[in-house]
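Trainee: The structure follows.
The values are calculated or read from the model by the stated rules, or taken from the named source; none is laboratory data. A quick note: this is a predicted structure, and the numbers were derived from the prediction, not measured. No Cβ is skipped: glycine too gets one built from the backbone with ideal geometry, and neighbour counts run over all protein chains shown.
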Amino acid sequence: MFSCSNSLKVHHRVHTGERPYRCDLCDKMFSFSNTLKVHQRVHTGERPYRCCVCDKTFTNSGSLKLHQRVHTEKRPYHCDVCNKTYRVTGSLKVQQRVHAGELPYCCNVRNKTYSDTGSLKVHSYRCELCNRTFSDTGSLNIHQYIHNGERPYRCDLCNRTFNSTSDLKEHKLSHTGERPYPCEVCYKTFKHQGSLKVHQLVHTGEHP
């Protein structure tokens with residue numbers, strides 16, 4: 001039951017999919033004003049909900065409540081088949097799909113199916129040659145240059161080519177003389193981060 005016609009109208013959006021609230025920064029649409037308010041914290045960096053145990057902060061009370069189960073070890077969601085317990089309902093639902101053999105998430109490229117979006121995402125950004133996985137298609141594409149020998153990034157000073165922008169950027173230091181990696185102990189500087197790490201072993205006494 002709803003106390004007024006306005007509350008009923010707002011509730012109807014659950015069924016109609018109407019999303020009248022727009023984020024001014026990214027144009028994402030929302031059904032409810034409070035959901036938009038929580039979303040905007042992604043842009044502002046505001047995280048008003050703080051864990052009293054570890055001081056970690058969150059954008060909404062729901063995320064804080066889920067996080068607190070890490071400290072209490074509370075796992076209220078129970079699988080009736082294998083007796084495993086979970087902190088969140090989403091994890092329980094994935095487990096139940098495993099038992100039921102449900103694979104509702106399909107890769108449009110390879111036509112393979114998965115029980116959860118996480119497995120689908122990892123699969124989608126996996127190198128077919130070495131099975132290394134990446135967080136996005138851009139990183140995967142750059143990685144594949146290693147296998148196909150393509151070196152699309154050219155130094156405008158010596159025409160030497162590289163298979164990643166980071167390698168090109170580091171190479172350019174040989175032309176500029178810049179040494180952007182300082183040792184915090186003795187203040188000696190290095191052109192390459194790898195050289196700095198090797199040098200730091202002198203101070204720590206570790207052997208490579």
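Trainee: Taking the residues in the range 122-148 that are among the β-branched types (V, I, T) and more than 24 Å from Q193 (Cβ to Cβ) as candidates, determine which candidate is surrounded by the most Cβ atoms within 10 Å (Cβ to Cβ).
Mentor: It comes out as V122.
Trainee: Right, another one. Cβ-Cβ distance below 8 Å, separation of 6 or more or different chains: which pairs start in the range 160-184 with a residue that is farther than 18 Å from L196 by Cα and end on one that is aliphatic (A, V, I, L, M) and assigned to a loop (DSSP other than H, G, I, E, B)?
Mentor: Close Cβ pairs (under 8 Å, with a partner that is aliphatic (A, V, I, L, M) and assigned to a loop (DSSP other than H, G, I, E, B)) amount to H175/L157.
Trainee: Something else now. When you scan the range 4-115 for helices (runs of 4 or more DSSP H) that lie fully inside it, which ones turn up with 3 or more residues that are under 30 Å from C127 (Cβ atoms), at pLDDT 80 or above and not hydroxyl-bearing (S, T, Y)?
Mentor: Those helices (runs of 4 or more DSSP H) span 89-100.
Trainee: Hey, among L196, L201, which residue is within 29 Å of the chain's Cα centre (by Cα) and not basic (K, R)?
Mentor: L196
Trainee: Sort out which residues of the range 149-168 are at pLDDT 85 or above, assigned to a helix (DSSP H, G or I) and either in contact with a Gly (Cβ under 6 Å, 6 or more places away or on another chain) or exposed (fewer than 15 other Cβ atoms within 10 Å of the Cβ) (or both), and write them in order of number.
Mentor: Within the range 149-168, no residue meets the criteria.
Trainee: How many residues are within 21 Å of T89 (Cα to Cα), β-branched (V, I, T) and in contact with a strand residue (DSSP E or B) (Cβ under 8 Å, 6 or more places away or on another chain) when one looks only at the range 17-70?
Mentor: 2
Trainee: What's the number of the only condition in (1) farther than 18 Å from V42 by Cα; (2) exposed (fewer than 15 other Cβ atoms within 10 Å of the Cβ) that S61 fails to meet?
Mentor: The one condition S61 does not meet is (1).
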